[in-house]
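Written out below as structure tokens is the structure these notes cover.
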């Protein structure tokens, strides 16, 4: 029978994380002399010392809460026994006080990608059909199905045809403060490297979000003289079939352009990799996220762009990040993004206890502080080179904070708008999440999840917890997998099954 195991993340910690699959019963003893006085579920915390009422509970060497009642050594430390600490004061943060020394460059790492006229490089070759308003979404989805069935088989170098639909465009305060976020998100989604500079836009005609707002003068020189906009209310459309025929005709012109493209060898510096976690558990910050962080360091050393996001899941660890900012300006930009989101939540009296989810808690994450400390491990160890707001296109290499909410679907959409051409997604509870516009590599924090879902999980990081692999070994595996998937040599499980979630816009502005 396997020896019972727990992980102590930092020498200062007074709690450990139960590793043993299925959890452990009361009375279980460890080699350290610790004896459980409660049954403790897998991934949940056990008190390594007695903790008095009001005393700090430490994980990652940081206070994640205060004991709401006395906690005995060997007891199960769960959310009901913890009081949430105050968030870090944004006016009292370390500013660029611990800037990491640059790591040695990593030369010669390449992948096979599609080069675009604007200099960006795609890992896929996709025709994207964008909508200006929800009213046209069903028509575009119908047309996209026919294009995939009737036209796409003729164009072997084109990977897919996707409908980029959304719930925005009309019935919204389009000039209000905050409305620029969904508009620039849609504008930059069209510019995603994996769409190859050959998008097609479908408009109704009467909506607030007119095509000229989505395609402003000078913003899309790659489109040339012909705008490739279909307006369904135009006089020429005398039937639904006529609308669909027009969309298909324009789509075929774009397919002809895309089909001429071939993969060529490119340096890894052309990668723009978005990092995200969803369905996290207490192992995420011990196994999957640190391994992704190691891969992030390798990418930065290769000259690539690496984006981490999810404001609410870094807010309580912001002091770690501002200290790592490459300069004071970047540190203050980080603070500005946190302050903006604080005001956004306060507007509707939402507090930090809204995160984590019930599933996160079942997976051992007691509160948002513990979750944030595990989440930022994805960012590796390099200096933060830049900060970009929601929906902005990232234009710098290195480690970037691309501000987004923590919602999986909104975060993924905003990272696509930021020019992401590869996505790495860690999970402890499991999710079949995927994106049509970019490959999604899913990394499990637990081996039991990887075994349960062998045809949904791409990489198992759970062996780190039991000593079967190191963070470095799994990190190198993730890095190589990114290069292989980006080159088309390997397909992720999400792409294998065609599991592609809808794009979801972040719209903090009023709806009329």
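Read the figures in this text as sums done on the coordinates, not as results from a lab. All values derive from a computational prediction rather than experimental measurement. As a convention, Cβ positions derive from the backbone with ideal geometry for all residues, glycine included, and neighbour counts pool all protein chains shown.
Hey, any idea what the orientation-averaged projected area of the convex hull of the stretch 1-86's Cα atoms comes to, in nm²?
On the way: hull surface 20.7 nm².
Answer in nm², one decimal: 5.2.
Computed from Cα positions, the angle between helix 408-417 and the longest principal axis of the chain comes to roughly 50 degrees. In the chain, Cα pairs under 8 Å separated by at least six residues give a relative contact order of 19 percent.
Checking the a/c ratio against 1.5 first, then a/b against b/c, what shape does the Cα gyration tensor give for the stretch 77-140?
On the way: a/c = 2.67, a/b = 1.35, b/c = 1.97.
Judged from the Cα gyration tensor, the stretch 77-140 comes out oblate (a/c at least 1.5, b/c at or above a/b).
Going by neighbour counts of Cβ atoms within 10 Å, the residues 308, 425, 409 line up, fewest first, as 409, 425, 308. The fewest-to-most ranking of 401, 30 by surrounding Cβ atoms within 10 Å reads 30, 401. Take residue 407 and residue 448, extend 7 Å from each Cα along the Cα→Cβ direction, and tell me the distance between the two endpoints in nm. Distance between the two pseudo-spin positions: 3.2 nm.
Please order 60, 168 by the number of other Cβ within 10 Å, starting at the fewest. Working shown, then result.
On the way: 60 21, 168 25.
Taking fewest neighbouring Cβ atoms as first place, the list is 60, 168.
Run through the DSSP bridge list for the chain and note the antiparallel percent, rounded to the nearest 5. If I count the DSSP bridges inside the chain, around 40 percent turn out antiparallel.
Mind running the shape call on the stretch 228-290? Use the C-alpha gyration tensor, a ≥ b ≥ c as the square roots of the eigenvalues: rounded below 1.5 for a/c, prolate if a/b tops b/c, oblate otherwise.
On the way: a/c = 5.03, a/b = 1.96, b/c = 2.57.
Cα axes put the stretch 228-290 in the oblate bin.
Between residue 472 and residue 512, the simple spin-label model (points 7 angstrom out along Cα→Cβ) gives 6.0 nm. In the chain, the longest principal axis of the Cα atoms and the axis of helix 288-301 are about 60 degrees apart. Past the 17 angstrom mark, what percentage of all C-alpha to C-alpha distances in the stretch 126-258 do you count? Value for the stretch 126-258 (Cα pairs over 17 Å): 56 percent.
Does anyone have the angle between helix 240-258 and the longest principal axis of the chain? Alpha-carbon axes, 0 to 90°, nearest 10? Roughly 70 degrees, rounded to the nearest 10. Report, in whole Å, the centroid distance computed from the Cα atoms of the stretch 72-87 and the stretch 445-464. Measuring centre to centre over Cα atoms gives 28 Å. Our estimate of slack between residue 350 and residue 32, defined as 0.36 nm per intervening residue step minus the Cα-Cα distance, is 110.2 nm. Coordinate range of the alpha-carbon atoms in the chain per principal axis, descending: 80, 46, 42 Å. Of the three principal axes defined by the Cα atoms of the stretch 265-497, the extents in descending order read 43, 43, 32 Å.
In whole Å, what is the distance between the alpha-carbon centres of the stretch 150-197 and the stretch 291-361? Measuring centre to centre over Cα atoms gives 26 Å.
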